[in-house]
Amino acid sequence: MAINWIETEIIEHTRWTDSLASLKFKGNVPTYTAGQYTKVGLHIDGELVSRPYSYVSSPNDDYLEIIYVNVPDGVLTPKLHELKVGDKLQVMEKSVGFFTMNEVPDGKNLWMFATGTGLGVFISLLKTSDPWERFDNVILVHGVRHSNELAYQDQISEFDKNKPGKFTYIKTVTRETIDGCLNVRIPEGIKSKQFEELSKVVIDKDSQFMICGNPDMINDTVELLNEKGLERNRRSKPGNITLEKYW
Ligand SMILES: Cc1cc2nc3c(=O)[nH]c(=O)nc-3n(C[C@H](O)[C@H](O)[C@H](O)COP(=O)(O)OP(=O)(O)OC[C@H]3O[C@@H](n4cnc5c(N)ncnc54)[C@H](O)[C@@H]3O)c2cc1C
């Protein structure tokens, strides 16, 4: 099926680290559901090269935003990394994907497990009222290698400020020891019960789990949750685990 492309304009390029960055852009792109992704593209050597990216922005924002990592030897991301304010970015008109709140069954607690750029889609979801209205407790766990990859701290503080007593944010940094952060991979944090201790929320059938990020983290986390009797959520058979894989 032919893709309809919309030309947008870069309005901000935030560099969190040398290789992790966010792009804000504006254009006449139809609305989307928080948690969905689109394709963004650039003309490279006469060809439109595109890749899928989850929106970090939320439907109520008056801009569009993605977060990306500049993949060494990647095709698109080194070119995204060169973009400046005022440059053009092609965006697929339609947004797609099922990592959205309406695909997640009800529950008492909502756990969001992210590594690296996987955080972005949760920022989009948490900017909407759905997670807060449908769950008593929301726990966001972000795993990174180095502390400077802990993006969107201001936005996350705002969630915390606006939802007192309802939100737990757990940061875990694997290659540094940092005050206020754990130093474990996400599966280890589950196994050791450190996440349950910090959030005072038990990992059981009363919880829904949304997972996005590194495929090894996703596989290991799903395996651990399976051992606790929690299964993948499917439309034909609702479960407790909803996930999005980027590669
Ligand atoms: C549904 C969906 C949503 C996605 N959303 C995002 C997003 O929000 N942010 C984002 O950065 N990427 C996202 N991706 C991945 C993105 O589409 C590209 O694969 C990535 O940006 C690399 O593009 P590239 O052309 O530079 O590299 P390519 O030449 O296509 O190389 C791909 C390789 O890059 C590595 N890679 C891909 N994505 C990542 C990543 N996020 N972090 C670390 N290494 C990676 C993997 O080793 C992969 O095999 C998403 C993918 C899918 C399928």
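Values quoted throughout were computed directly from the atomic coordinates according to the rules given, and no laboratory measurement underlies them. Please read all numbers here as calculations on a predicted model, not as lab measurements. Neighbour counts run over all protein chains shown; Cβ positions are idealised from the backbone, glycine included.
In table form, for the structure just shown:
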quantity: DSSP-assigned coil residues among chymotrypsin sites (Phe, Trp or Tyr not before Pro) in the stretch 25-68, each with at most 14 further Cβ atoms within 10 Å; calculated: Y63
quantity: Debye log10 I(q)/I(0) for the stretch 163-242, one point scatterer per Cα, at q = 0.21 Å⁻¹; calculated: -1.08
quantity: Among G116, G35, G165, residue whose mean-square fluctuation peaks in a GNM of the chain (springs only between Cα atoms under 10 Å); calculated: G165
quantity: Cα radius of gyration and Dmax for the chain (Å); calculated: 17.9, 54
quantity: 24 Å Cα-Cα threshold exceeded, pairs from K94/K205; K26/K84; K193/K228; K24/K166; calculated: K94/K205; K24/K166
quantity: Burial ordering of D204, D130, D45, D106, fewest other beta-carbon atoms within 10 Å first; calculated: D45, D106, D204, D130
quantity: Label-point separation, N4 to K166 (7 Å along Cα→Cβ), nm; calculated: 3.5
quantity: Exposure proxy order (Cβ contacts within 10 Å, fewest to most) of M112, M1, M210; calculated: M1, M112, M210
quantity: Global form of the stretch 1-83, assessed from the alpha-carbon gyration tensor, a/c cut-off 1.5; calculated: oblate
quantity: P(r) histogram, all alpha-carbon pairs of the stretch 16-61 included - 5 Å bins from 0, percent; calculated: 5, 15, 25, 24, 19, 11, 2, 0
quantity: Residue among S50, T128, Q153 farthest towards the positive dipole end of the chain, charges placed on Cβ; calculated: T128
quantity: Net lengthening on full extension, R232/F98 (0.36 nm per residue, minus Cα-Cα); calculated: 46.9 nm
